[in-house]
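Trainee: A single structure is presented below for examination.
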Amino acid sequence: MNRNERGIWQRRFWEHTIRDEQNYWHHVNYVHFNPLKHSLVKRVSDWPYSSFHKAVSSGIYSRHWCGE
């Protein structure tokens, strides 16, 4: 079905300009928390496709940041 959508964004998505560092971390945390929120895992660290693992290695998060 052609809905005259062009570019990379679908209708249910929108652009958001990051306003400041606090807003940046809010969005990073949201992305890391999403698999847990949708019951795909019991801990954020259980999602193997996440950049969360690199952030843990860099000392940004504790491995036990969120979840059971």
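Values quoted throughout were computed directly from the atomic coordinates according to the rules given, and no laboratory measurement underlies them. Since the structure is predicted, the reported quantities are computational estimates derived from the model, not experimental observations. Ideal geometry is used to build each Cβ from the backbone, glycine not excepted, and the neighbour counts take in all protein chains shown.
Trainee: Of everything in segment 36-58 that's assigned to a loop (DSSP other than H, G, I, E, B) and closer than 17 Å to W25 by Cβ, which residue is farthest from the chain's Cα centre (by Cα)?
Mentor: S58
Trainee: I've got another one for you. In segment 11-68, how many are surrounded by 10 or more Cβ atoms within 10 Å (Cβ to Cβ) and of a type in the set (K, R)?
Mentor: Final tally of qualifying residues: 5.
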